[in-house]
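Quick notes on the structure that follows.
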Amino acid sequence: MSAQRKDDHVRLAIEQQHVPLGGNQFDEVSFVHHALAGIDRPEVSPAVSVADGIAWPVPIYINAMTGGSVKTGAINRDLATAARETGVPIASGSMHAYFKDPSCADTFRVLRRENPRGFVMANVNATASVADARRAIDLLEADALQIHLNTAQETVMPEGDRSFSSWAPRIEEIAAAVEVPVIVKEVGNGLSRQTVLALADLGVRAADVGGRGGTDFARIENGRREAGEYAFMHGWGQSTAACLLDAQDAGLPVLASGGVRDPLDVARALALGAGAVGSSGGFLRTLLDGGVPALIGQITAWLDQLAALQTMLGARTPADLARCDLLISGSLRDFCADRGIPTWQLARRSSSTGSTGSGKGSGTGAGPGSGSGSIEAEAEALHEMTGRTR
Ligand SMILES: Cc1cc2nc3c(=O)[nH]c(=O)nc-3n(C[C@H](O)[C@H](O)[C@H](O)COP(=O)(O)O)c2cc1C
């Protein structure tokens, strides 16, 4: 990736932050309010176990963005400082610029230098060789490797790839070869259930659904075309909320990113089953508008407000949010109907776990509605009716 292209991405991504297009399906996810569900703030913990070998002190991370040019090296330095001060994990942008031109190593390496004890992820695409993946991990002393999937971006990108069939075998090869956990992510067009299932078979440790609703790389790449002739691709893919619903019980831990705007979206994503929640474009905008203190302030506020929501909702841990009752409405409900996802189960699940209304954790059966046996029987029946399988 050329340094110029990386700088273009930053400029166009920030323009999008100022003029967002399309809706955000997180607006179609709401919590059922249980007025006696609340617990005491000191009981709330932010720690998460995302996947085997990936445990984080907080459920929010700074997702892949930059490196490869002087300007984006400075951005990485500032992002790393914010990560260090707040304890959030952080990912580098794609390290292909480094493979092509090792002289830009420092624009990536700064992520580790500024944040020596933090959780740092290296990022490559699905054409990287095993040797390149290892170089990326070594340069950052990375704790995990992200491999990004971006067929829509490549399709709209004037100089993009047009051959994708080697991606799955390459992911499998890398996952088997490297020492750190591999997380596969989309860049804003979403991962379908089928893709998540395929990734589970390829040996990756977790999938970041990277859905639609925030930064739109089809729009970014079309913005780099003189004639803008690929405008029909704007908004391609599934929203982050839709992806999380689609990936329920798919057998692979999932992370959420794409269009996460505030702590409520973080809570919604966690409630939809994400192990942790990432932001890119929004954090970048804060950094470029207000500098490192503004980004530290935003992340600190998000963590504090998420804990406040957990307290009100009776969720001692971020993972406990996945037992809260959720209502799915509008076009997201249509998506669920067509994909065979029983939304009513989400609206009543606390009654089978007792996670609301008593503040006593799971298994008390204290929530509203019928007993756990009948809910489970209904769920089983619906599973059979819809024929929804792995
Ligand atoms: C300026 C910019 C550069 C990005 N570069 C990369 C990249 O190199 N590799 C990658 O996997 N994702 C990249 N992304 C995608 C993000 O990691 C994320 O998946 C996507 O932006 C959706 O999240 P958001 O809506 O919070 O921005 C980039 C995003 C932005 C804003």
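Brief remarks on what is shown
- Pairs with Cβ under 6 Å, 6+ apart, first in region 62-89 and closer than 15 Å to Gln4 by Cβ, second of a type in the set (Gly, Ala, Ser) and more than 11 Å from the ligand (Cβ to nearest atom): Gly68/Ala3; Ser69/Ala3
- Answer residue from region 219-240, given it is crowded, with 24+ Cβ neighbours inside 10 Å and in contact with a strand residue (DSSP E or B) (Cβ under 9 Å, 6 or more places away or on another chain) and is farthest from Ile60 (Cα to Cα) among those: Gly237
- Candidate set: region 277-315, residues that are closer than 18 Å to Phe31 by Cα and not in a helix (DSSP H, G or I); chosen: the one nearest to the chain's Cα centre (by Cα): Val277
- Criterion: touching a Pro at 6+ places or on another chain (Cβ under 8 Å) and within 29 Å of Gln238 (Cα to Cα) - qualifying residue of Ala83, Ala64, Ala13: Ala83
- Residues that are at negative phi and more than 16 Å from the ligand (Cβ to nearest atom) number at least 3 in the following helices (runs of 4 or more DSSP H) confined to region 122-228: 130-140, 167-177, 193-201.
- Wholly enclosed helices (runs of 4 or more DSSP H) of region 1-115 bearing at least 3 residues more than 11 Å from the ligand (Cβ to nearest atom) and either under 19 Å from the mean Cα position of the chain (by Cα) or among the small types (Gly, Ala, Ser) (or both): 70-86
- Residue match in region 231-240 (condition: closer than 25 Å to Leu321 by Cα and in a helix (DSSP H, G or I)): yes
- Residue list for region 241-252, filter: surrounded by 24 or more Cβ atoms within 10 Å (Cβ to Cβ) and either assigned to a loop (DSSP other than H, G, I, E, B) or among the basic types (Lys, Arg) (or both): Ala247
- Where Ala294 falls short, out of the listed (1) touching a residue at least 12 places away in the same chain (Cβ under 8 Å); (2) of a type in the set (Gly, Ala, Ser); (3) more than 19 Å from Gln248 (Cβ to Cβ): (1)
- Condition met for Thr215 (touching a strand residue (DSSP E or B) at 6+ places or on another chain (Cβ under 9 Å), surrounded by 21 or more Cβ atoms within 10 Å (Cβ to Cβ) and of a type in the set (S, T, N, Q)): no
Bear in mind these aren't lab numbers, they're just calculated from the coordinates by the rules spelled out. Quick caveat: nothing in here was measured; it's all calculated off a predicted structure. Backbone-built Cβ (ideal geometry, glycine too); neighbour counts: all protein chains shown.
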